[in-house]
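Colleague: The following block contains the structure, expressed as structure tokens.
Any read-out appearing in this document is the output of simple, stated calculations on the displayed coordinates, not a laboratory observation. All of these numbers come straight from a predicted model, not from anything done at the bench. In this analysis, Cβ positions are derived from the backbone assuming ideal geometry, glycine residues included, and neighbour counts consider all displayed protein chains.
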Amino acid sequence: MNKPTLLILNGCSMASGFECTEPGKQLPSDWKHSWPYKLCELFQSHGHNLSKPGQSNWSILVNTQAVVSRSLKYLPSNEIMVVIGWTEFTRSEFISDDDLYYFNAGFNQRAANGTLEEKLKQTNVQNAYKGWVEQSIDSHMSKFAWTYWNLIHFLKVYNIKYYFFNAISQPYIPKKDLLLTAYLENENFTEYWDTMFEDPNYNTIETQFEWLTKNYPNHIVGDGIGQHHWNPEALTAWTEYLAPRILDRWNSQA
């Protein structure tokens, strides 16, 4: 059966095997428990797992595009497939002169119980965090829609096949996109929303979190920093659920 030579895979802790070995940690041994690793084994494909615990969808976009660009230097586009489990839509990041900090539910939890690392208590990080907390949920959703739109068109330019799903949250259409400039605000920008929800290569029916909660409720591991994570058995089952759907999209895309 025809399968991709190279899989470029991305996501958050739901795709990195986080906590499979030890609670609250991402250890080298965790990667072999992740669904990207298991998928590459199943397909006998080479793989780049770019997943990182706590990262945002913008981070996923940037790193995916960078690795796709690099991979095209040594491999034809028709041998590459991108598979992404989009993370929670409100996640963001603060970039200082010398470090990167992700804002997510785990950050919220540690801030609430007073267990933030010292570097996360710095004034610049805390000021950025306060701004993030106060930001509209709709604004995060609008940012994701444009992130999705950006990536699919980048992939289509290079004729690269893809399969997307949601790891944690389902997308929705916000009431208003305040990022649009004033002279555009009365226009109805539905094209990119329609494209997202009608995209056969983007499974918006059920999230990874929902599927695992329903089918493997007793296979949870770790401390659940911000969210629950699952053990190797559950992640293997999720891989087996994904595989035929990914192959269907691989064989269906022109």
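Colleague: Based on other C-beta atoms within 10 Å, arrange 20, 12 from fewest to most.
Modeller: 20, 12
Colleague: How much length, in nm to one decimal, is gained on full extension between residue 204 and residue 172, taken as 0.36 nm per residue of separation minus their Cα-Cα distance? If you can, show how the numbers build up before the last one.
Modeller: On the way: separation 32, 0.36 × 32 = 11.52 nm, distance 1.01 nm.
Length gained between residue 204 and residue 172: 10.5 nm.
Colleague: Residue by residue through the stretch 58-66, which ³J(HN,Hα) values in whole Hz follow from phi under the Karplus form 6.51 cos²θ - 1.76 cosθ + 1.60 (θ = phi - 60°), with glycine and proline marked x?
Modeller: 5, 4, 4, 4, 4, 5, 5, 4, 5
Colleague: Once phi is turned into θ = phi - 60°, what whole-Hz ³J(HN,Hα) does the Karplus curve with 6.51, -1.76 and 1.60 give for every residue of the stretch 192-205, x standing for Gly and Pro?
Modeller: With coefficients 6.51, -1.76 and 1.60, one gets 6, 5, 4, 4, 4, 6, 9, 5, x, 9, 10, 7, 9, 7 Hz.
Colleague: Taking amide H positions as placed 1.01 Å from N in the peptide plane, with prolines and chain starts having none, which residues 5 or more places from residue 47, or on another chain, fall under 5 Å of its amide H?
Modeller: 7
Colleague: On to the next question. Rg to Rh for the chain: what is it, with Cα atoms only and Rh by Kirkwood?
Modeller: That ratio is 0.96, to two decimals.
Colleague: Here's another thing I want to ask about it. Can you give the Kirkwood hydrodynamic radius for the stretch 98-226, in Å, rounded to one decimal and based on Cα pairs?
Modeller: Value: 17.8 Å, from the Cα pair sum.
Colleague: Would you list, by chain and number, the lysines whose Cα falls below 30 Å from the Cα of residue 25, excluding same-chain residues fewer than 8 positions away?
Modeller: 38, 52, 119, 121, 130, 143, 214
Colleague: Something else: List every residue whose amide H lies under 5 Å from the amide H of residue 202, counting only residues 5 or more places away in sequence or on a different chain, with H placed 1.01 Å from N in the peptide plane.
Modeller: 164
Colleague: Kindly write out, for the stretch 168-177 in residue order, the coupling ³J(HN,Hα) from the Karplus curve 6.51 cos²θ - 1.76 cosθ + 1.60 (θ = phi - 60°), rounded to whole Hz, with x marking Gly and Pro.
Modeller: Calculated HN-Hα couplings, in order: 10, 10, 9, x, 8, 8, x, 5, 8, 9 Hz.
Colleague: May I pose another question? Search the structure for amide H atoms under 5 Å from the amide H of residue 230, placed 1.01 Å from N in the peptide plane, and list their residues when 5 or more places away or on another chain.
Modeller: It is 221, by chain and number.
Colleague: Now for a different question. Normalised by the residues of the chain, what does the relative contact order come to in percent, with Cα pairs under 8 Å and at least six apart? Walk me through the numbers on the way to the answer.
Modeller: Working: 385 pairs, mean separation 63.1, N = 254.
Result for the chain is 25 percent.
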